[in-house]
Structure formats: C-alpha cells, structure tokens
Amino acid sequence: MASVLPDFVAHALLLNRAHVNFIMSLEVAGAGAPQAQGKFLGILVCWVLGNGSLFAWNSMLTIEDYYSILFPTYHPTRVLTIAYQPFAFGITCILTYHEAKLNTRKRNLIGFALFLISSFALIMLDVGTKGRGGLGPFIGVCIISALFGTADASVQGGLVGDLSFMCPEFIQSFLAGLAASGVLTSALRLITKAAFENSQNGLRNGAILFFSITCFFELVCLLLYAYVFPKLPIVKYYRSKAAAEGSKTVASDLAAAGINNEQSIQAEEDPKKCDRLSTKELLIQNIDYAFDIFLIYVLTLSIFPGFLSEDTGAHSLGTWYALTLIAMYNVWDLIGRYLPLIKCIKLTSRKGLTGAILSRFLFIPAFYFTAKYGDQGYMIFLTSFLGLTNGFLTGPEQNALGNVLVVCLLGGIFSGVVLDWLWLIGKGW
C-alpha cells in the first residue's frame, strides 16, 4: 500500500523547512569534507527504512488469500485493517502532541523491534495452531495487527521527523521506499504463492516463507538504523546542526555516533532559534491541503483492500484474482507518485487539486457496477486507475504539512476503513 503513503512526522516542521533544507544541501554539496561523506549510502538506507516501515503491514494485507481460507466467516481483510488503524491513528496523535519531549532514537528502535517481534509472532501462532482457523487464532492475528499499528505510528512519525532535519534526498528516498513497499510485498507474495502452489499445504507453506522474509527484512532495518545510519558523517553533520538550531530530540542519536553535543545547551538559551509555527497555525494556513489528504484516503481505504478482497466475485483467476488486484493497485500507486516529477502534468493549482480529489468519489458507483456487471478485465483496469490517482494526488501533498498532514492522512485512512463496511449492507448485515 501505500501506500503510502502517498505518504508521518514526529517533529513539527517549519513552513520554511524546504528553504532551510535547500541551503543546507548546498552547504553539503560544496563542503566535500566529512559532512558530504556517506550521502549515497544514506539515501539507500533511507529507502530500505521506508520499505521496512510498511513492509510488515503490507505483508499482512497481501497474505489475504491465506487468511480468507483460514477464517472464511470473519472478514479478515476488513477486521485486520480496523484492528490496525485505531492504534496507528491514536498513537500517532499522542506522539505528535508530545513530540518535543520524545527520544527519537529509542522511539524508532522500539518500532522496528516491535515489527520484528510481531512478524515472528505470526509465524509462531500459525505453527502453534498447525494452520487451523477458529476464533482463538483469529483474535491472536488481530492482536498482532494492532501491534503493527503501534509500531507503524512509532517508526514512520519518528523517521520522517528525524529526516526532516537532513538533506531533501533523504526524506524523498524514505517516501519512495514507503511507496515501493506495497509493490515489493506483492511481488514476493506472488513468487512464494507460485513456488508452493502444487505442493501439499502449499498455501500455508508459502505464507510462512513470506512472513519469514518479512522477519528478516525487519531485522535488517533494525540493524541499519541502530548501527549504520547514525555513524554516517553526513548524518552526524545534520544532527549536530539540528541540535544547534534547538532540537531536543537528537541527543541520543548524537551519543550513538560518539558526539558529545554542547551546542544544544547554547541553543536552548536563545529562544529565537527555537521559534516555530504552532500546529494550529500550520493547519489554518493549509486547511485545504489537510482536507484534501483526508479525502484522498477516505475514498481509497473505503475500497482498498476490503472491497477488492471480498466483494469482487469469483473469476477465472481464482485465488490469484484478489492478489492480482492488490498488486496492480500497488504498482500504479507507485507510478502515480512519480508522475508529478513531469512538470507538464503536475497539478499546481490548489483548487484544481481539490476538484480532482472530489471527482475520485465517482469510483464508488464505478466499482459497484463493475463488481455487479463487469468482468475481471474491467475491474483490474479500474483498480489500476484507483492506484494511479491515489499516488498522483498524494504526491503534491506529502511534504506540505508535517505532523498535521500525518494526522489528517491517518484520520482519512481510519474513516475509509470504517466506511468500507458499508459495502456489506444487503449481504447478510
């Protein structure tokens, strides 16, 4: 998915942060000495960390073909999503409120560790129950889904806030990793499903292998953030500079890199260095952006993944059908996020952007009638277009508002997840 995710902040960003980052990036580019060292490796690590921030949750979404057979009467895709989102949304709001007092390094390490432990717990739960369904195992899976939401709120907010003090390439690489996560997990799921399709217990074995890969990937992310990223010279440079500007959340990161920061004390004594817009001021000045990002994800999550997984009927692709729809959504969402780089098609008008977002609500009747009367080709096309517009319209928004954007985005996701249940009206509900 993104998804996303279009696209989670712990620090409140200044409106002029882009200008500051631009000046800082010029300084690094011209320095040549140590603050420019390790930039390429830093960009690569940020991309991997972006993937890891959504990899576990996207893995749970793309395993729906297994869970729909294991728990056929519990609407697993919808229930797991609604177990996940309240924790992601609520904890993000809490952490955003207390962001100035938090230890960013510990927050991110706890988040990645929780991703790793929860992914391993899914494997142990399946092994312990020998792949049997039932209410007990399903409740266990729901609890793990809630833990994923908790880890998501911790990691994504902390990392975007951390990277916002650094060169623009880092945050761009991280957001690109978020967007690529859905494509990567879909590809891996299709491969593992195909590898075991004709073997005994093939679906279950493929699912276990898939989550084993997820565990390994989250372990890599944990180690990269703990031991590689903080020791890069360019990262040390930007964190030292952030501390000099008054940031109180990078002290442990500097300590991990072996830097005894004394400038932060001087910065705290100069309140002018710590001046920044309040959350309320950011929201008032950018209310249209906040409303737009909310509407984007209300619409998207009211269709994806619940409706696509459970309400599109049976077709010739069989158990591959829902996986194909999810994969197509993720691929076109990723493509859509890069389209704004083409200047001639980029939406620059705020009113035009809002109009395009409102027009997406035509997807609701389109999906309804396609599911009822259309064949799988039309549904695949419509799903691809849903992903393309989600990525394209999220692109202009993702760096605008910082933590205000995150709260609006997660609020839209949570609302969309709840509205997704309305598709079940008239189907025994």
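For region 191-205, state whether one or more residues are open to solvent by 10 Å² or more (accessible area, probe 1.4 Å) and within 26 Å of G336 (Cβ to Cβ). Taking every residue of region 191-205 in turn, at least one turns out to be open to solvent by 10 Å² or more (accessible area, probe 1.4 Å) and within 26 Å of G336 (Cβ to Cβ). I'd like to check something: does region 208-226 contain any residue that is modelled with pLDDT of 85 or more, within 22 Å of L409 (Cα to Cα), open to solvent by less than 10 Å² (accessible area, probe 1.4 Å) and of a type outside the set (V, I, T)? No, because not a single residue in region 208-226 is modelled with pLDDT of 85 or more, within 22 Å of L409 (Cα to Cα), open to solvent by less than 10 Å² (accessible area, probe 1.4 Å) and of a type outside the set (V, I, T).
Residue count for region 96-111, restricted to those that are open to solvent by less than 30 Å² (accessible area, probe 1.4 Å) and modelled with pLDDT under 85: 3. The condition (being crowded, with 16+ Cβ neighbours inside 10 Å and either out of contact with any helix residue (DSSP H, G or I) (no Cβ under 7 Å at 6 or more places or on another chain) or of a type in the set (V, I, T) (or both)) is satisfied by just one residue among I342, I293: I293. Picking from residues in region 84-95 that are open to solvent by 20 Å² or more (accessible area, probe 1.4 Å) and not small (G, A, S), the one that is farthest from S415 (Cα to Cα) is L95.
S212 passes every criterion in (1) closer than 20 Å to I91 by Cβ; (2) out of contact with any helix residue (DSSP H, G or I) (no Cβ under 6 Å at 6 or more places or on another chain); (3) hydroxyl-bearing (S, T, Y) apart from (1).
The values are calculated or read from the model by the stated rules, or taken from the named source; none is laboratory data. Keep in mind it's a predicted model, so treat the numbers as computed, not measured. Don't worry about glycine lacking a Cβ; one is built from the backbone with ideal geometry, like all the others, and counts go over all protein chains shown. Areas reflect the complete protein model, heavy atoms only, side chains present, ligands, DNA and RNA absent. Shrake-Rupley method; radii C 1.70, N 1.55, O 1.52, S 1.80 Å.
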